[in-house]
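Participant: Structure below; questions to follow.
What follows is calculated from the coordinates using simple rules that are stated; it is not laboratory data. Remember, predicted model here, so these are calculated numbers, not experimental data. Glycine gets a Cβ as well: all are built from the backbone with ideal geometry, and neighbour counts include every protein chain shown.
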Amino acid sequence: MDTLSTSIDAGANMIVFRGISKSYGSSVALHTTDFAVRKGEFLSLLGPSGSGKSTILNIIAGAVAPSTGSILLEGKDVSTVPPRERGLGMVFQNYALLPHLNVFDNVAFPLRIRGVGKSEIQQRVRNALERVGLTGYENRKPREMSGGQQQRVGIARCIVYSPSVILMDEPLGALDKKLRDQLQGEIKRLHRDLGTTLVYVTHDQEEALNLSDRVCLMNGGRIAQLGTPDELYFEPTSEFVADFVGESNLFEGVVQSIDTVLIGGNWTLKVRSTAGHTMGSRVKVLVRPEKISVVESEGSVIETGDAVNECTGVISQISFGGGMTRFELTTGAGAALLVKTISARAVERSPMGRPLTVRWSARDSAVLKK
Ligand SMILES: Nc1ncnc2c1ncn2[C@@H]1O[C@H](COP(=O)(O)OP(=O)(O)OP(=O)(O)O)[C@@H](O)[C@H]1O
Ligand SMILES: [Mg+2]
């Protein structure tokens, strides 16, 4: 986790939270939080409704005053600096465009209130609209545009004054899936081109994993885990993270040795490592469904040098989609195992009720930290 103790070089950080918390009366929206957003990174705040994502964003923006702590922007304490003077750009879910102004004037608005000259406004607005693919729409009113187009105006209005940090709160939340995918790509490209620091709120884990350099997963007003998409997916630090990010098989068991966990009293699961857990303690083991492969024929050779887990069961549920076969295997011990595989051959040959053997490497069996 990128807490202050690990971020040695303060200069590499764009935003730093020092002991920031937020309470409304007796209810805590954000528990005491230390964290840092690196210069130029795309960081997503992910988490269920009410977990504190918007609270963090609004504290960065200056729209919400923290109850405790201080906030640094590029090393400077901005705790008492009003929102407009923080030099941040904001994009909202509901676009927040001025309905009586046309596209040009909406995008020009932040420049006008900053007293930018007429000809520079002309050029910068043209530039911003070009970046979001809206050249030619200057005279339209917001109501004459689709949701996706309105959000592009919202983004143009944000980038037009070249903020050093862009904050986006569920900017694609109001759009349908196809448009969301398209705009996701555009936002990612924009971030790459502009090189600004971007903090992005979403409750869609796929969106967060696709877009971000790092993801900060929130739970109940606390950071559950902050790391790269890969770290959250393959090395979750808790059951909450494992469950929230992607699909998972979770086995409960007891630590037996440095590389085995006893599940349900009679099944020894070979795991990556039980380091950090005492013998006999209860742990959860995570196996991602796409790490499990079907044993194509009996006695087929194991290719890897790793220790391998193998089990046999019968298929209970099966679905094909998106180039993947997804099925549930009910094992002899009664455990249900979710498997995702690209190769459907063995599964197709194995009708419901006929035994099927699957295996996965000990390396892909991660013991969750406490
Ligand atoms: N002005 C307020 N007064 C009282 N409680 C508030 C206020 N704003 C937020 N909260 C509470 O703080 C908690 C965190 O809210 P926040 O808006 O940060 O959640 P969120 O993660 O953005 O959720 P969502 O995905 O629904 O937008 C919630 O329990 C919310 O009810
Ligand atoms: Mg929110």
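Participant: Say each of residue 312 and residue 252 gets a label point 7 Å from the Cα, pointing the same way as Cα to Cβ; how far apart are those two points in nm?
Facilitator: 2.9 nm
Participant: Give a quick list of GluC sites (Glu not before Pro) in the range 161-243 that DSSP marks as loop, anything other than H, G, I, E or B, with at most 10 other Cβ atoms within 10 Å.
Facilitator: Loop-located and lightly packed - none at all.
Participant: Hey, another quick one. Express the Stokes-Einstein translational diffusion coefficient of the range 106-206 in µm² s⁻¹, to the nearest whole number, given a Kirkwood radius over alpha-carbon pairs, 10 °C and a viscosity of 1.306 mPa s.
Facilitator: Rounded to a whole number, D works out at 112 µm²/s.
Participant: How much of the pair distance distribution for the chain lies past 28 Å, counting alpha-carbon pairs only, in percent?
Facilitator: Values: 37606 of 68265 pairs.
The proportion of pairs with Cα distances above 28 Å equals 55 percent.
Participant: For residue 330 and residue 262, what does the FRET efficiency come to when R0 = 22 Å and r is the distance between their Cβ atoms, rounded to the nearest 0.05?
Facilitator: Rounded to the nearest 0.05, the efficiency is 0.60.
Participant: Based on alpha-carbon positions alone, could you give the equivalent ellipsoid semi-axes of the range 182-254 from the gyration tensor, as √(5λ), descending, whole Å?
Facilitator: 27, 12, 10
Participant: Now a separate question. Which peptide among 221-228, 135-142 comes first, and what is the full order, when sorted by highest mean count of other Cβ atoms within 10 Å?
Facilitator: Top of the packing list down: 221-228, 135-142.
Participant: Please rank 101, 57, fewest neighbouring Cβ atoms within 10 Å first, as an exposure proxy.
Facilitator: Going from sparsest to densest Cβ surroundings: 101, 57.
Participant: Turning to a different aspect of this structure: Over the Cα atoms of the range 130-171, what radius of gyration and what Dmax do you get, in Å?
Facilitator: Values for the range 130-171 (Cα only, Rg and Dmax): 10.8, 31 Å.
Participant: Now a separate question. Give the share of C-alpha pairs in each 5 angstrom bin for the range 1-138, from 0 to the last occupied bin, in whole percents, shortest bins first.
Facilitator: 2, 8, 15, 18, 16, 14, 12, 9, 5, 1, 0
Participant: Contact order normalised by length for the range 10-243, with contacts defined as Cα pairs under 8 Å and 6 or more residues apart; what percent is it?
Facilitator: Once normalised by length, the contact order is 27 percent.
Participant: Oh, and also: Determine the shape class of the range 207-333: with a ≥ b ≥ c the square roots of the Cα gyration tensor eigenvalues, call it rounded for a/c under 1.5, and otherwise prolate if a/b is greater than b/c, oblate otherwise.
Facilitator: oblate
Participant: What ranking of 216, 311 emerges when the number of other C-beta atoms within 10 Å of each C-beta is taken as an exposure proxy, fewest first?
Facilitator: Final ranking by Cβ density, sparse to dense: 311, 216.
Participant: Turning to a different aspect of this structure: Report the residue, chosen from 87, 52, 264, that carries the largest GNM mean-square fluctuation when the chain is represented by alpha-carbon nodes joined by springs under 10 Å.
Facilitator: 264
Participant: Taking H as built 1.01 Å from N, whose amide H comes closer than 5 Å to the amide H of residue 68, not counting residues under 5 places away?
Facilitator: 21
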